[in-house]
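*Asks:* To start, I am sharing the structure in question, which I have written as structure tokens.
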Amino acid sequence: MTVTGLLITLLIGAIAGWLAGEIVKGHGQGLVMNIVIGILGAVIASFLFPAVGLAIGGAGSILGSIIYATLGAVILLVIVGLVKRA
């Protein structure tokens, strides 16, 4: 991975993590955790969505990647919230 690719990945992760934190209230984590949550969300989405037959058009674009990662990060935050309550 090039430096540019790494920076884009970190930027997409930060945006997706922040958006997911805004969607799932009460999960403001800070910049580093937003990046981690966003990247993990993208990994979750890349495995989960094709397995259930869902695909977001333009997933190769930056906007499509942000949407994909945000949805995965929301799923991650909801699961973490449920585990913390249990």
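*Asks:* Contact list please: Cβ distance under 8 Å, first residue in the range 1-20 and without any contact (Cβ under 8 Å) to a residue 12 or more places away in the chain and among the aliphatic types (A, V, I, L, M), second residue assigned to a helix (DSSP H, G or I) and surrounded by 14 or more Cβ atoms within 10 Å (Cβ to Cβ), pairs at least six apart or on different chains.
*Replies:* Met1/Thr9
*Asks:* Sort out which residues of the range 16-32 are surrounded by fewer than 19 Cβ atoms within 10 Å (Cβ to Cβ), of a type in the set (A, V, I, L, M) and part of a helix (DSSP H, G or I), and write them in order of number.
*Replies:* If we filter the range 16-32 for residues that are surrounded by fewer than 19 Cβ atoms within 10 Å (Cβ to Cβ), which is where we start, we get 22-26, 28-32.
Next cut, of a type in the set (A, V, I, L, M) only: 23-24, 31-32.
Correct list: Ile23, Leu31, Val32.
Residues are listed down the side, and each one gets a yes or a no for (1) modelled with pLDDT under 90; (2) surrounded by 15 or more Cβ atoms within 10 Å (Cβ to Cβ); (3) assigned to a helix (DSSP H, G or I):
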{"residue": "Leu7", "(1), (2), (3)": "yes, no, yes"}
{"residue": "Ile12", "(1), (2), (3)": "yes, yes, yes"}
{"residue": "Asn34", "(1), (2), (3)": "yes, yes, yes"}
{"residue": "Leu40", "(1), (2), (3)": "no, yes, yes"}
{"residue": "Ala55", "(1), (2), (3)": "yes, no, no"}
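The values are calculated or read from the model by the stated rules, or taken from the named source; none is laboratory data. Computed from a predicted structure; not experimentally measured. Cβ atoms come from the backbone with ideal geometry, glycine included; neighbour counts cover every protein chain shown.
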